[in-house]
Every structure is written in C-alpha cells, then in structure tokens.
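Input: a single structure, listed below in structure tokens.
We did not get these values from a lab; they are worked out from the coordinates using the rules stated. Since the model is a prediction, treat every value here as computed from it, not as a measurement. For neighbour counting, all protein chains shown are included, and Cβ atoms are generated from backbone atoms with ideal geometry for every residue, glycine included.
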C-alpha cells in the first residue's frame, strides 16, 4: 500500500536527504587507488553518527534475504551492480575501476536513499560513457516525475536515454517508495509505457535508481546473498535520488 508523506515529513526528509548528500559526496571523494571499501564503510558510519542520524541499511533484511544486511554502505565495483558488501581484504580499489556507492540514512525517523558511481583514476572511454549515460537517465526520469504523470512515464524516460546508447538496463532491479521503510510501494521500474502505472500525486516519495550495464541485461546473485552482478561480467553503473512529488512539481531530497 502506498503511504503518502505530509508536508512536514517531506521537510524532515529534505533535511535528512541533504545530510546524506553531503556524506555521499565526501565518500565519493575518498574513492582512490589503494583505498578499501571497508575504509569507506567506517567513514560512512562515523559521519552518520556525527550528524546524530542512523544508517538505514545496517541490519535491514529485505524480502527474500536470509540474513540482515551487515553494513551501512553498499560498495559495488565494476561488474557488481548493487548491494556489494564492503570488506577490507577483497575490495581494494585499482586504477580504472568504477565504484558505485549506495546508502540510506534515518533522520528523525524518516529514511532517504541515494547512490553515485565514481571512477578510480583514469577509466576507459566506454566506462566514462556508461557513467554519463546512467546519470543522464536518472535526470530524465526526475524531469518527468511530476504530479499527474505516471510511474510508466518515469520508466519510459529512463529507458529512452539508455536505449540511445549500446548499453542495457539491469533486469529485475527497480526504484521504490521510501520514507517510513527502506523499500515501500510503489515499485518504480526503469522501463515503462507513457501514461501507464500509478499516478504521481503530491505526498508521494520515491527513489529513482537506474542501473545500466555495458553488456547484457541479465543478472546473477553472488554467494554472499546480497551482491548482484552482471551475468556476463560486464561493468555496471548506478545513480539514485530520493524525490518528493509536490503540488508544484518535485523536490530532489538527496542533493
């Protein structure tokens, strides 16, 4: 069931989203050659705690998972699409990697969620294009996320940008409602038909998150039960913003 947010709750989420955006930007700046994903995890926890907030992902058990998520931050490298678990030994960033950072915070009882993908040093031209196309597809989705439009309008706008490239959208991975929980109704697919799906109404808060692959769209689950990878081993990029639908348009909460 879709639960709309009040104007007061949206303002709280705007505060929390701004805090999240500041931390996410700082973490992106720490992605460098030789840095471990676990260091970013420690920094994320430290900065969230200093702000008086709590990590939304740590201890969260999504539907179908056999154990709670063990970190505050998702760090996904190269062919890892989403939900990569930070660790000290295995994920040391190398020159030319691309790294997706995804996390949420709970501020005054309400959750916001965002993600970015950043390069490590110099990356190849195809990876640069992948990052740019994925970012632009998110911007296209946000542009049409207006009152009176539909969930299908968002998916159609996102997929149109990706289809212009040689890339594909990751199968079965979608955006979602957010606020009272990490994942709420409605689901927000990265493809759709204009005019179809749930109407966008004031008070709706959704996280839009396109995930584009250099290769095919097929995905697979890793043995850790969380990290989702491209089935063909190609690279993937991920961008996300939480946005609120208002009477006048939308508010990007996580900026």
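Looking only at region 64-76, residues that are over 15 Å from residue 103 (Cα atoms) and touching a residue at least 12 places away in the same chain (Cβ under 8 Å) come to 3 in all.
For region 197-255, filtering for residues that are part of a strand (DSSP E or B) and touching a residue at least 40 places away in the same chain (Cβ under 8 Å) leaves 26. Of all residues in region 1-37, those satisfying the criterion of being surrounded by fewer than 18 Cβ atoms within 10 Å (Cβ to Cβ) and assigned to a loop (DSSP other than H, G, I, E, B) are 1, 2, 3, 4, 6, 32, 33, 34, 35. Taking the criterion of being under 28 Å from residue 215 (Cα atoms) and touching a strand residue (DSSP E or B) at 6+ places or on another chain (Cβ under 7 Å), would at least one residue in region 56-73 satisfy it? Yes, region 56-73 has at least one match. The residues on offer are 207, 244, and the sole one that is crowded, with 20+ Cβ neighbours inside 10 Å, touching a strand residue (DSSP E or B) at 6+ places or on another chain (Cβ under 7 Å) and farther than 18 Å from residue 158 by Cβ is 244.
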